[in-house]
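Participant: A single structure is presented below for examination.
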Amino acid sequence: MTPVKPPDNITTLMEARLSTWQYNLLRGAGQLAGELGMRVYLVGGPVRDLLLNRPSTDCDLVVEGDGLRYAEALAARLNVTCTAHERFMTAVMHLPTGGEIDVATARREIYEHPGSLPTVAPVTLGKDLWRRDFSINAMAVSLAEEDFGQLYDPCGGHGDLQAGLVRVLHDKSFLDDPTRMIRAVGFEVRFGFSLENQTENLLKEALNQKALSYISPERRRDVLLPLLAEQVAPTIITRLAELGVLAALGLGEVVTEPMASVLQQVPPAWAALEGEEEGPPQALTYLALIAHWARTDIAHLSTQIQLTGDEEQILRKAVAIIGNPPAVLSMRNPKLSELYFTLEGLSRIGATALWAVQDDPLARSHIEQFWHNLRDVAADIDGDDLVAAGAEPGPQFGAALREALRVKLDEAPSTAEQQLAAALTHLAKADRSF
Ligand code: ATP
């Protein structure tokens, strides 16, 4: 492909593709820097997305000068709060719309050893761009009044965007920061790009050197889980496997065609089994599936990618049920109580993973019925009703109340009195002295 010369100035593009609000914000940000004797640039992801004509919610600014002082001034002008991270010379502003503006001092990063957190020192924009992950993320646009819209592309990012390539900027890039191996796959898949040849060789070399084992579980989690939340997560997982990154994370050697088609079922599973917004993310459904296939030890995985105790429990149960799907799922007309008591306590992760591995529509409809109609059902009586009816509180109460619930589920419509009668009969059988 003939390389296309990058445009010098992309003001027209910015006018066309940004909202008036965003555009004015950038103009104002540039003016403010001028007033403070500094220069500010839009940098990285938002520039890439502008050139790709993709929507971008990020606003990443880089400042030649004292970025923290600039961030404070910008926050004051916008009347928003600003959190500074002095060690990294960065600050983040929280907009009332829920968006964020990230401001960083143009800086270089020195890695003491592979995978360590870098120490940073201020530099010019050019040097700042060269320390970035990939050429497509190493472009900046000036926001200064005198050359607003001027594109800075020292690393050939525009050409790589045109060619659809993800390219690292130097040979030690993946060793300096092995999370870039995972990020690279994210960009490749999200944009339908390919790893540039040498970049792919370097990635494999870094894998051979076990580079991913140098990074902290927290960083592994921070880079992996957002990728598994994307629409294209199934393809990302397949590609991570193909390159050997998944294996390096302890999540299996291969994703076969049938596995890949199960992974494709996760988004429809989430749509079919809607639940509360809060709660463990969809990423965990993918983890449950791949951990099941790879027979990953969940306790080990948990330490590898810093799962919380709750997440670990959820994964453990999900893996157990998909490994041993209950027989009730293949029954034509199971009793509702059977469905309920078999799937009781199933998390959304477990339910979606189980749904995804079932290719029988009947099994899926049972899971949906449990999820939508059964899981929150409770008997119409409680322990107090049993006591009021003369029963002696004791360990049999739990089973008696489940009997009441069984009646409610299987003998609908049932009254509270009928459920109470069933519970009392159960107690009477269990304890002849009653
Ligand atoms: P996304 O659309 O996923 O947000 P992004 O490129 O904006 O993509 P961020 O994680 O927000 O991704 O990073 C912002 C910028 O910081 C990147 O564009 C890149 O220039 C730089 N960057 C991020 N992570 C790294 C890294 N691990 N190593 C070097 N540079 C990085």
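The values are calculated or read from the model by the stated rules, or taken from the named source; none is laboratory data. In this text, all values refer to a predicted model and were calculated from it rather than measured experimentally. So basically every Cβ, Gly included, is an ideal-geometry build from the backbone, and we count neighbours across all protein chains shown.
Participant: If the Cβ limit is 7 Å and pairs must be 6+ apart or interchain, which residue in the range 312-341 that is in the same structural domain as Trp293 (by TED's automatic domain parsing) and over 13 Å from Leu354 (Cβ atoms) pairs with which residue that is aromatic (Phe, Trp, Tyr) and assigned to a helix (DSSP H, G or I)?
Facilitator: Listed pairs, sorted by first residue: Tyr340/Phe370.
Participant: Determine whether Gly394 is within 30 Å of Gln282 (Cα to Cα) and touching a residue at least 12 places away in the same chain (Cβ under 8 Å). Please lay out each step first, then the result.
Facilitator: Values: within 30 Å of Gln282 (Cα to Cα): no; touching a residue at least 12 places away in the same chain (Cβ under 8 Å): yes.
The answer is no for Gly394.
Participant: Among the residues of the range 2-25, is there at least one that is over 30 Å from Ile110 (Cα atoms), within 16 Å of the ligand (Cβ to nearest atom) and charged (D, E, K, R)?
Facilitator: yes
Participant: Next question. Every residue in the range 63-72 that is buried (at least 23 other Cβ atoms within 10 Å of the Cβ) and either at pLDDT 95 or above or in a strand (DSSP E or B) (or both), please.
Facilitator: Val63, Tyr70, Ala71
Participant: Which residue pairs have Cβ atoms closer than 8 Å, lie 6 or more positions apart in sequence or on different chains, and pair a first residue in the range 26-50 that is assigned to a helix (DSSP H, G or I) with a second residue that is more than 16 Å from the ligand (Cβ to nearest atom) and among the β-branched types (Val, Ile, Thr)?
Facilitator: Leu50/Ile10
Participant: Let me ask you something else. Between a residue in the range 111-130 that is free of Cβ contacts under 8 Å to residues at least 24 places away in the same chain and any residue that is part of a loop (DSSP other than H, G, I, E, B) and buried (at least 17 other Cβ atoms within 10 Å of the Cβ), which pairs come within a Cβ distance under 6 Å, given they are 6 or more apart or on different chains?
Facilitator: Correct list of pairs: Val123/Ala106.
Participant: Do you know which of the residues in the range 249-288 that are of a type in the set (A, V, I, L, M, F, W, C) and in a loop (DSSP other than H, G, I, E, B) is surrounded by the fewest Cβ atoms within 10 Å (Cβ to Cβ)? Let's see the steps before the verdict.
Facilitator: If we filter the range 249-288 for residues that are of a type in the set (A, V, I, L, M, F, W, C), which is where we start, we get 249, 251, 254-255, 259-260, 262-263, 266, 269-273, 283-284, 287-288.
Remaining after also requiring in a loop (DSSP other than H, G, I, E, B): 249, 251, 254-255, 273.
On the way: Leu249: 21, Leu251: 23, Val254: 13, Val255: 24, Leu273: 20.
For the range 249-288, the residue satisfying everything is Val254.
Participant: May I ask you to list the residues in the range 304-314 that are part of a helix (DSSP H, G or I) and surrounded by 13 or more Cβ atoms within 10 Å (Cβ to Cβ)?
Facilitator: Gln304, Glu311, Glu312, Gln313, Ile314
Participant: Here is a follow-up. How many of the residues making up the range 347-371 are outside any helix (DSSP H, G or I) and surrounded by fewer than 22 Cβ atoms within 10 Å (Cβ to Cβ)? Lay out the reasoning, then the answer.
Facilitator: Going residue by residue through the range 347-371, those that are outside any helix (DSSP H, G or I) are 347, 358-360.
From the residues that got through so far, the ones that are surrounded by fewer than 22 Cβ atoms within 10 Å (Cβ to Cβ) too are 358-360.
So the answer is 3.
Participant: Quick one: count up the residues across the range 220-244 that are closer than 16 Å to Pro114 by Cβ and over 13 Å from the mean Cα position of the chain (by Cα).
Facilitator: 0
Participant: If we scan the range 276-297, do we find a residue that is at positive phi and either in contact (Cβ under 8 Å) with a residue 60 or more places away in the chain or in contact with a Leu (Cβ under 9 Å, 6 or more places away or on another chain) (or both)?
Facilitator: Yes, the range 276-297 contains at least one residue that is at positive phi and either in contact (Cβ under 8 Å) with a residue 60 or more places away in the chain or in contact with a Leu (Cβ under 9 Å, 6 or more places away or on another chain) (or both).
Participant: Right, something else. Please go through the range 203-232 and give me each residue that is more than 30 Å from Pro268 (Cα to Cα), part of a helix (DSSP H, G or I) and either away from the ligand (no atom under 14 Å from the Cβ) or among the charged types (D, E, K, R) (or both), ordered by number.
Facilitator: Kept after step one, since they are more than 30 Å from Pro268 (Cα to Cα), are these residues of the range 203-232: 203-216.
Next cut, part of a helix (DSSP H, G or I) only: 203-208, 211-214.
Of everything in the range 203-232, those that are more than 30 Å from Pro268 (Cα to Cα), part of a helix (DSSP H, G or I) and either away from the ligand (no atom under 14 Å from the Cβ) or among the charged types (D, E, K, R) (or both) turn out to be Lys204, Glu205, Leu207, Asn208, Ser213.
Participant: Being over 24 Å from His158 (Cα atoms) and of a type in the set (A, V, I, L, M, F, W, C) narrows it down to one of Leu125, Leu61, Leu78, so name that one.
Facilitator: Criteria check complete, one pass: Leu78.
Participant: For the range 156-175, what are the residues that are away from the ligand (no atom under 11 Å from the Cβ) and either in a helix (DSSP H, G or I) or of a type in the set (Ser, Thr, Tyr) (or both)?
Facilitator: Answer for the range 156-175, where residues must be away from the ligand (no atom under 11 Å from the Cβ) and either in a helix (DSSP H, G or I) or of a type in the set (Ser, Thr, Tyr) (or both): His158, Gly159, Asp160, Leu161, Gln162, Ala163, Leu175.
Participant: Across the range 44-62, which residue is surrounded by the fewest Cβ atoms within 10 Å (Cβ to Cβ) among those that are aliphatic (A, V, I, L, M) and near the ligand (Cβ under 10 Å from one of its atoms)?
Facilitator: Val62
Participant: Here's another thing I want to ask about it. Can you find even one residue in the range 176-192 that is away from the ligand (no atom under 13 Å from the Cβ) and over 15 Å from Asp49 (Cα atoms)?
Facilitator: no
Participant: Let me ask you something else. So which residues in the range 382-414 are touching an Asp or Glu at 6+ places or on another chain (Cβ under 9 Å), within 30 Å of Glu274 (Cα to Cα) and part of a loop (DSSP other than H, G, I, E, B)?
Facilitator: If the condition is that a residue be touching an Asp or Glu at 6+ places or on another chain (Cβ under 9 Å), within 30 Å of Glu274 (Cα to Cα) and part of a loop (DSSP other than H, G, I, E, B), then Ser414 is the only one that fits.
Participant: Which members of the range 129-153 meet the condition of being among the aromatic types (Phe, Trp, Tyr) and within 12 Å of the ligand (Cβ to nearest atom)?
Facilitator: From the range 129-153, those among the aromatic types (Phe, Trp, Tyr) are 130, 134, 148, 152; that's our starting set.
Selection gives Trp130, Phe134.
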